Amino acid sequence: MSQSNSPPLSDTTEDQHVREQNASDQYLTFIIAQEEYGVDILCVQEIRGWDNATPIPNAPKHVKGVINLRGTIIPVIDLRTCFGLGEVEYTAVTVVIVLKVKNAEKDRTIGIIVDAVSDVFSLDSADLKPAPDMGDADEVSCIKGLANINDKMVILLEINTLLNQGSIPDLSSLDIK
Amino acid sequence: MSIDLSQFHQVFFEESLEGLDLMESALMELDVSHADIDIINTIFRSAHSIKGGSATFDFKVISDFTHVLETLLDQIRDGQRKITKDHVDLFLQSVDCLKHLLSLAQDNSLEVTEDASALQKQFEAILEGDSPSVEATSHIVDGSNIESNDSSECWDITFHPSRDMLQTGNDGIRLLSSLKALSDSDIYEITCDVSEVPSFEFLDPEACYFSWKIRCSGDIAYDEIKSVFEWVEDDSDIIISKASPEEPHSMAQPEVAKSDAPAEAVSTPTKKLKGAKPSSENTFIRVGIDKVDELINMVGELVITQSMLSQLSDLVDSAQVPRFGEGISQLEQNTRELQESVMRIRMLPISFSFNRFPRLVRDLSAKLNKNIELNINGESTELDKTVMEKIGDPLVHLVRNAIDHGIEMPEERVKAGKPPMGVITLDAFHQGGHVFIQITDDGKGLNKDILLSKAIDKGLITESQALTMSDEHIYDLIFQPGFSTAKAVTDVSGRGVGMDVVKQNIHALSGSVDIKSKLGYGSTITIRLPLTLAILDGQLIRVGDNIYIFPLVSIVESMECDADNVSLLAGGKRVFKLRDEYVPILSLGEVFNIQSDNTSIDGALMVVVEYSGHKVGVIVDELLAQQQVVIKSLEKNYQQVMGVSGATILGDGMVALILDVQSIVSLFSKQKNIEGISLLSSANKAS
């Protein structure tokens, strides 16, 4: 692996600041219910296939359980259920994206289950369009913005807000089909 | 060049505290009548390094205080003064005082405390008052005298560094040039002695073979020269002497620049050198606990991978790969040994915790006018560092109790036909994967009648209960909150808080404590602790598809549930008649909302578990293996989960949750209460 195509997985705010100035961020995109989402690639620790998780008693529906990531125990969250997009059977392409989430106190490692991983692309921050105001501040804060890649809309998620303890949205009751 | 020294503060504090501990134990060991020079050297070295460190970091109060301490120690060390019991007491007090000063410094609120100035005055009085010999006192001020009288002087300095000076990061050239910078006049001569340089094949490129003779003059104070060599003075021969310009290279009135005793005689530099070298060099390294934990994690993973490989090895045709099986079994053995040694990194001998007791017993027994001897056995027994840190305070409490309540006054002892000297014994040993710590005293023992009447007075038990209580239960009463049998509250013990806290703390470490006592003959308190907090003896159980783990210590027994013995209480709660007591039943499947095999309670498997003295029956589907599991945190990446204390990774790499009995019970009662309320409200609506 050469230095140029493997960005460091750990990140400092200073770096982030510099990148925002120079404005070309890389995003990893994935698909949930035919919709394409993107997360900052620097938060992505690894991508692994879906393996059975140990369920946590009395946990919310979108928390699928905990898995063993080389000796560390991390929770896995089904973003599909989380966004109220219904449940599907997990298949061979179902993957867990392991993310490092920054919190005020500590960094946490969390896995998110998505339908499939799609692509990696670079995006100038100028091309990032703000999320439309739908009247619900909470939900919008999880969305960093919208981008247009190859004539397809990509929803860029702000994972630090999305996956912070206590604020993980549970829209499973909506069950939009 | 400026370095932020504050980054080294923590290390200084830790080292100083260690030094103080060392000093304290050495002082306790010291026999005043036959003072061992090695022990005095140990004490001196500790004081010396604290002084050096505090001066470097500009903790002036500490360095000033240690200075007088050190001066006295130095005189004792050189045989100018005989050590007395008063000195030892004074030194012990200063250890406490220094600890206090250090903690103040840690909080950035360092100031001269009353204790410190009082002690300092006492030291000064000793030093000045009955000065052992005239030279001793004059020596102390020697350096400063030179400085004040002759400000513009000519100095002869001989600097003979140790061979390994370069390895310690010191550079002779830098020292010499900073010395040159001090000298403002043109007289600055250096001669380098290269006679020690060996022939090429014996040359160690990292060793320093040179020594230097320097002559410099100018407006230089003695202390300034000394401070140039501050970092190397312990390992080097440094002789600084005044030279008159007319009398070149005369070595009249030479002095070895020891930081504290500037007027050391030249004839003894070798002895000095030995004394200044830390005897236990390189025996310990300081490693962050997170690094160790990471290592333990990795090895845990390795064990899992290894067991996976062993399972796979059955599939390999041994005829085709003949040495495969051999390799696998070697791997297994190596992995196991690796795991054991890694686990031992966290283990420390219990002497770290026991060391404080000789002092405690000495001080307390003197205060209470009791005659007490302390015996310590098994101090090399190893224990996890975290467990050790948490057991320290409970142990102190128990020992204080034994001194205060256990051992009688000498007269009483003689009357009872016992020797006037009381004996307290601290014992530590390993047994069956646990560490046992025993505190035994040969005092008056616990009086059951007094305990009982006290408990009845306080309303802890009823009189009818008192009649049927076993000895064990009676002794256990002293662990009840608010129970104290001492007639008067002393500042040693007797406030009635404490024993319950002791028990709580030990329970929090998943240990247990019990008391044996014989009236008139003394008591024995036995504490049982797990070897480490990172590993737990677990009982694997199954409910539906899920595997959970009960800590083995919490399990009382397991049995088949017989419907005849089950009765229904209000609110859907059930109790089981277990011999002569009623035990509430809860089903793990119901509490955790998971599918379980059993639907009927009759014939179901019930595990009776205990939490803080209460028993509860938990219905499970199957009992699986018992095994040691490594405890991992759920909170690190997720959050606390009701009913679960942690998680672990099983041999197949799957995660299993470790159950916490107490929180399962509270989860259960919460659920039942909510159900009860909704039942009640629906009933109200119906009516």
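The values are calculated or read from the model by the stated rules, or taken from the named source; none is laboratory data. In this text, all values refer to a predicted model and were calculated from it rather than measured experimentally. Quick reminder, even Gly has a Cβ in these numbers, built from the backbone with ideal geometry, and neighbours come from all protein chains shown. Surface accessibility is based on the protein's heavy atoms, side chains included, excluding ligands, DNA and RNA. Shrake-Rupley method; radii C 1.70, N 1.55, O 1.52, S 1.80 Å.
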Every pair of residues 6+ apart whose Cβ atoms lie under 7 Å, when the first sits in segment B:405-424 and is part of a helix (DSSP H, G or I) while the second is open to solvent by less than 40 Å² (accessible area, probe 1.4 Å): B:405/B:486; B:405/B:493; B:406/B:441; B:406/B:443; B:406/B:522; B:406/B:523; B:410/B:370; B:413/B:422
Matching residues, segment B:600-619, being farther than 25 Å from residue B:507 by Cα and either open to solvent by less than 60 Å² (accessible area, probe 1.4 Å) or among the acidic types (Asp, Glu) (or both): B:601, B:602, B:603, B:604, B:605
Flag if residue B:591 is part of a helix (DSSP H, G or I) and either aromatic (Phe, Trp, Tyr) or touching a residue at least 24 places away in the same chain (Cβ under 8 Å) (or both): yes
Lone qualifier among B:6, B:46, B:54 - being of a type in the set (Ser, Thr, Tyr), in a helix (DSSP H, G or I) and modelled with pLDDT under 80: B:6
Candidates B:80, B:106, filtered to the one that is touching a residue at least 60 places away in the same chain (Cβ under 8 Å) and farther than 24 Å from residue B:361 by Cα: B:106
Check on residue B:677, in contact with a Cys (Cβ under 8 Å, 6 or more places away or on another chain), more than 14 Å from chain A (Cβ to nearest Cβ) and either open to solvent by 70 Å² or more (accessible area, probe 1.4 Å) or at pLDDT below 80 (or both): no
Check on residue B:296, within 14 Å of another protein chain (Cβ to nearest Cβ), open to solvent by less than 90 Å² (accessible area, probe 1.4 Å), in contact with a strand residue (DSSP E or B) (Cβ under 7 Å, 6 or more places away or on another chain) and not basic (Lys, Arg): no
Hey, residue A:40 surrounded by 19 or more Cβ atoms within 10 Å (Cβ to Cβ) and at pLDDT below 85 or not: no
Matching residues, segment B:521-551, being at pLDDT 85 or above and in contact with a Gly (Cβ under 7 Å, 6 or more places away or on another chain): B:521, B:522, B:523, B:527, B:528, B:529, B:543, B:544, B:549, B:550, B:551
Strands (runs of 3 or more DSSP E) wholly inside segment B:496-543 containing at least 2 residues that are without any contact (Cβ under 8 Å) to a residue 60 or more places away in the chain and open to solvent by 20 Å² or more (accessible area, probe 1.4 Å): B:512-518
Any hit, segment B:144-154, residues being open to solvent by less than 30 Å² (accessible area, probe 1.4 Å) and at pLDDT below 80: yes
Residue B:629 vs. criteria in contact with a Lys or Arg (Cβ under 8 Å, 6 or more places away or on another chain), touching a residue at least 40 places away in the same chain (Cβ under 8 Å) and more than 10 Å from chain A (Cβ to nearest Cβ): no
Single match in B:420, B:394 (criterion: surrounded by fewer than 17 Cβ atoms within 10 Å (Cβ to Cβ) and at pLDDT 85 or above): B:420
Evaluation of residue B:590 against (1) open to solvent by less than 10 Å² (accessible area, probe 1.4 Å); (2) within 14 Å of chain A (Cβ to nearest Cβ) (one fails), failing number: (1)
For residue B:348: the one exception among (1) in a helix (DSSP H, G or I); (2) open to solvent by 40 Å² or more (accessible area, probe 1.4 Å): (1)
The one condition in (1) over 26 Å from residue A:54 (Cα atoms); (2) at pLDDT 85 or above; (3) not hydroxyl-bearing (Ser, Thr, Tyr) that residue B:683 fails to fulfil: (2)
Where a residue in segment A:145-163 is within 16 Å of residue A:32 (Cα to Cα) and its partner, wherever it lies, is in a strand (DSSP E or B) and of a type in the set (S, T, N, Q), with Cβ under 8 Å and at least six apart: A:154/A:29; A:154/A:148
Residues (in a loop (DSSP other than H, G, I, E, B) and buried (at least 20 other Cβ atoms within 10 Å of the Cβ)) located in segment B:446-460: B:446
